[in-house]
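The structure that follows is given in the form of structure tokens.
The numbers here are math on the coordinates, done by the rules we state, and not lab data. Treat the numbers as computed from the prediction; the structure is a model and nothing was measured. Virtual Cβ from ideal backbone geometry, glycine too; neighbours counted across all protein chains shown.
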Amino acid sequence: MRAKWGGVLTGLVGASTIAENIEKETMAESDYQRLAGKFVVFDGPDGCGKTTQMKRFLEKAEGAGVRIRRFREPGGTPIGEQIRDLLLSTKNQEMDMRCEMLLYMASRAQLVQEQIRPALEAGECVLADRFASSTLAYQGGGGGLSSTAILQVAEIAVDGAWPHLTVVFDLPTDVAMSRLNPLWAAGKKRGDVNQNPLFDDSAVKDRIEQRARDFFERVRENYLWQAKQWPERYRVVDASKTIAQVEKQVMKVVGEFFGD
Ligand code: T5A
């Protein structure tokens, strides 16, 4: 398990690592073996393509014989899935940002105790689709809650089970929006999309996805801020590239992080 984040809240400022020089396209057998008992998070703004990359990574790791478990947040447990429904339901528009933050943490606490910690203790690799880094970005960066307060609650929810590595999938907000909603791309070309342009088709988007563009800009900035705060446990990939190019970057940063 990793040390608490609280201890590194201040003083750690360094450059985030964008994997620009793609030399290492696959992970060596020995790199895969080092994933045993490791906790890796794929995170980023909506539409960044992390779920697509998780499926690919999982397939390769399993192919290399790694015992690996994949979880998504919010959710991943029967209780967590019920919390997910509460959080993402478009009926709950009046939900206060503090209530929202605590619900994400409640889902996380259950996931850690029921699934993540036992898996890590059994020597399995845990691959999580979002974690506390999402709460910092969305409820902190996007929603305006203080990072310090979020981390204090996270200490309780996570109970020491911090990720070894968080891979942030970074891309311009407009690109993410276009992926999620082709109407955005079409409207942008016409020059007539301005208010809450992300989700013209709000009926099919969840409560968080219905937020305005500024919110997602702040979310993106917060992820990059986190990578600068904790360079020893974060890596950033350029998620605006093709799926195959992003995959190469992922293999490179994960391979190098756990390699020699
Ligand atoms: N949230 C979550 C918080 O606010 N606080 C928290 O603490 C936590 C944990 C979860 C929502 O909750 C919020 C964040 C979210 O808004 P969700 O339904 O689980 O909601 O949504 P996401 O986590 O955003 O997951 P998604 O699977 O919907 O999106 P991904 O993982 O970003 O993207 P993916 O891989 O599904 O790809 C999106 C689209 O882009 C294409 C894919 O084919 C797909 O169509 N794509 C690409 N297109 C071009 N080039 C590429 N490189 C591409 N990669 C993927």
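Run the quick spin-label model on Ile79 and Asp238: label points 7 Å from Cα toward the beta carbon, then report their separation in nm to one decimal.
According to this spin-label approximation, the distance is 4.4 nm.
What percent does the relative contact order of the stretch 68-126 come to when contacts are Cα pairs within less than 8 Å and at least six residues apart?
Here the relative contact order equals 47 percent.
So which of Lys50/Lys91; Lys60/Lys228; Lys50/Lys248; Lys60/Lys252 end up more than 24 Å apart by C-alpha?
Details: Lys50/Lys91 27 Å; Lys60/Lys228 29 Å; Lys50/Lys248 13 Å; Lys60/Lys252 13 Å.
Pairs exceeding the cut-off: Lys50/Lys91; Lys60/Lys228.
Scattering from the C-alpha atoms of the stretch 29-257 alone, worked out with Debye: what is log10 I(q)/I(0) at q = 0.16 1/Å?
Scattering profile of the stretch 29-257, log10 relative to I(0): -1.17.
Determine, from the Cβ-Cβ distance of Glu155 and Glu29 and an R0 of 51 Å, the FRET efficiency 1/(1 + (r/R0)^6), rounded to the nearest 0.05. Spell out each step's value before the answer.
Details: r = 36 Å, r/R0 = 0.72.
The calculated FRET efficiency here is 0.90.
What distance in nm lies between label points placed 7 Å from Cα along the C-beta direction at Thr52 and Asn92?
2.9 nm
Using a basic spin-label model with each label point 7 Å from the Cα along Cα→Cβ, how many nm lie between Gln113 and Cys99?
Going by the 7 Å Cα→Cβ label model, 2.3 nm.
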